[in-house]
Amino acid sequence: MDNYQIADSFSLLAKLIDIHGENSFKSKSYAAAAFAIEKLTTPLNEIPREKISSIKGIGDSSARKIIEILETGKLQNLEEIISKTPPGVVEMLNIKGIGPKKIHTIWKEMELESIGELLYACKENRLKLYKGFGEKTQQSVLENIEFYFKSKGSFLYAQVATIAPVIQNFFEKLFPSKRIEITGAFKRQMEIINELEFVIEETLTIIENTLQNTEGFELVEKDKDTIVFKSSNGIIIKIYACTSANFIHTLVATSSSEEFNNSINEKFPLLASSNAISEVEYFSAIGINMIVSPLRETAEIVEMAEKGKIPTLIQPADIRGIIHCHSNWSDGSNTLEEMAQAAINRGLEYLVISDHSKSAFYAQGLQEEKIREQHLYIDELNQKLHPFKIFKSIESDILNDGNLDYADGILAGFDLVIASVHSNLKMSEEKAMMRLIKAIENPYTTILGHMTGRLLLSRPGYPVNHDAIIDACAANHVVIELNAHPSRLDIDWRHIQKALAKKVLISIDPDSHHTDGLDDTRFGVMVAQKAMVTKMDNLSSYSLEAFEKFITERKKLKGI
Ligand SMILES: [Zn+2]
Ligand SMILES: [Zn+2]
C-alpha cells in the first residue's frame, strides 16, 4: 500500500468518526495524520517501524495503525466503523458542500440514509429547518446532488425529458434534412433512463465522423449499425444508423421490449422488410391499429391489438383536478391561494389540499387547532374562487400500529383522507402489510398514498404484497394513488392492471410542494399509459361535479 492509500484510510476514518458524532479529538488526530502522510516524500514501508511515531503530525496511536496497515493491508477500526454506517450515508461524502458534521445531522436528526432521500428532502424544503442548513445551503446541496447523479449515468425520466429535445434539436442541425427520432426506453416512457437512444437516417461513418469532431461527445463504442457516445452532461447516447427505407422498422424495433419484438416478428415475419413511412402505416400493413410506444412491452399487448381490445389511453389533458398537494401550512413553499391559483391557471376545476398530519413533525404537520383554522380559510377562499373548489384533505401518517393520525371526530371533518407511510420505513413485509391493511380498513381512508414509499434511484421502498393490498382496497372502496412525483411513480405501473381488473380506482396525484410541481402530473400520466389506464379509471380525471358526487356517495357508503 502506498502513502496515498494509507492517507486515504486515515482521512476516511476521521470523517466517519465525525459522521458518528464520536470523539472529535481522535478524528482530528487521524485527519492530521492523513495530512502528514500525504506530505511525506519517503514511502512509509521504507521507514523503520520504530521511527514512524516520531514523524511530525503522527502520534503513537496513528503510528500503530500505520504499522497495522503495512503488515495486514487493513485497518480494523476503519472496517468496523464502515460496517456500522449505512452505505448511502458513506456515499454522501461524495456530495460537495456537505462535510461529516452536516452528514451527522442528516443521518441522525433528519434520519435520511441515502443521497436520493436527501435530494427529496431538499425538494420538500425540509433541510432548512435544521441548524446549520439555511435556504442557501439547501439549494447548493440540491444542485450538487443533481450533479452527482448526472455523473453516475442513470436518470429519472423527468431529468432526461428536459435534455432530450435539446439534443434532438442539436442533431437536426448537424444532420440537416435527415430523419431523426428519439427511441428506446425514453420513447417507451420508462421511469428510469440509462441511455438516450436515437434513430438517424444516415450512415454510421458520417455519424461517427461528425460527432467525433463535435465538442461534448466522447466515443464509447461502436458496432455494425450502432454507435455510443457519452455526452458532456453524463448521458450515454446510443445512435442507430439506418437508411430511409428501414427507418420506421428500426424505430419500432428499438422502441419495443424484447418480448414484444419477438411476438411481432413471429406473427408478422414480413415486417422486418417493411418500408412504411410512418408508425401508423407500419401497423396498419398487418391489419392492426397502431400500438403506441409506451405499450410495446408484452406479447399480450400484441394479442389485444389483434382483437382490437386496446382501450383509449388517458392523456395529460384528461386531468381535471389536482389531488394531493401541500401548502405552506405544512412543508409546501406556496400559500394555499397560490396553489389554487396555479391550478386555475392550468385550466383545472379543483384542488385537494392535503398538508401533512400532526405526527409528521419534520414537515410541520398540522395540529387539530390548525386544521380547524385551515378549514375556515378554505371556506373563505372557496367563496372567492368559485366555481373553482378547494377540497379539505390531509395526508395522514399511517402510524406504526396502522392507525391514522387523528381521532375520528377530526377525520370526519375532511372531504377525503390520503393515508401514507412516512416513518419507520425500514420494516418487514409482515409489518408493512399490517400497517397498510389496517389503514385501508379505516373507514376514513379514501386514498392510499405512495404505496411502497420508494424513491427511484435511491430507495427501494418497503416490501409489500401488491395483490393483497389491491384486494383490500377493492373490498374497502379505497382508491390507489399513482404518485406522479418523478422520484416516486408509486404504485409501480406494472401492478396497475391487476388493480383495474378488481375495479379499484387509480388517482394520478402530483404530491406537489410548490406550484411548479403541479405539472408533475404528466409523469404520472405517462406511466399510467403503460398500464393502459383510461380516463374513466382515474379519479383526478373526474369533473368537479363527478368528484363531488364520488365524495358524497363514498361517505354515505361508509356511514361516515
Ligand atoms: Zn407523502
Ligand atoms: Zn404528500
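Taken together, the values in this text are just the output of simple stated rules run on the coordinates, not laboratory data. All values derive from a computational prediction rather than experimental measurement. Glycine gets a Cβ as well: all are built from the backbone with ideal geometry, and neighbour counts include every protein chain shown.
Points worth noting:
- Global size of the range 316-558 as Cα Rg and Dmax, reported in angstrom: 16.3, 48
- Here the label points at Lys108 and Met1, each 7 Å from Cα along the C-beta direction, are separated by 2.6 nm in the simple model.
- Modelled label positions at Lys101 and Glu208, each set 7 Å beyond Cα in the direction of Cβ, lie 5.5 nm from each other.
- Unit charges at the beta carbon, dipole of the range 385-432: most positive-side option, Ile410, Val421, Leu385: Leu385
- Taking every DSSP bridge with both residues inside the chain, close to 35 percent are antiparallel.
- Cβ-based net charge around Lys26, under 14 Å, with every Lys or Arg adding one and every Asp or Glu removing one: 0
- Extent along the principal axes, Cα only, for the range 3-151: 55, 29, 24 Å, with the longest axis given first.
- Each label point was placed 7 Å from the Cα along the Cα-to-Cβ direction; for Val220 and Ala245 their separation is 3.2 nm.
- Additional length obtainable on full extension of the chain from Gln168 to Asn23, 0.36 nm per residue less Cα span: 46.8 nm
- The range 316-558 - share of DSSP beta bridges that are antiparallel (%, nearest 5): 5
- Length gained on full extension, Lys502 to Glu146, computed as 0.36 nm times the residue gap minus the Cα-Cα distance: 124.2 nm.
- Inverse of mean 1/r across different Cα pairs in the chain, Kirkwood, Å: 26.8
- Net charge dipole, the chain: roughly 640 debye, given to the nearest 20, about the Cα centre with Cβ charges of +1 for Lys and Arg and -1 for Asp and Glu.
- For the range 21-80 versus the range 374-390, the gap between their alpha-carbon centres in whole angstrom: 66
- With contributions of -39500 (n - 2.57) from each DSSP H run of at least four residues, the per-residue ellipticity at 222 nm computed over the chain stands at -13000 deg cm²/dmol.
- Residues listed by number, the range 219-252, amide nitrogen under 19 Å from Ala272 label point at 7 Å toward C-beta: 224-226, 241-252
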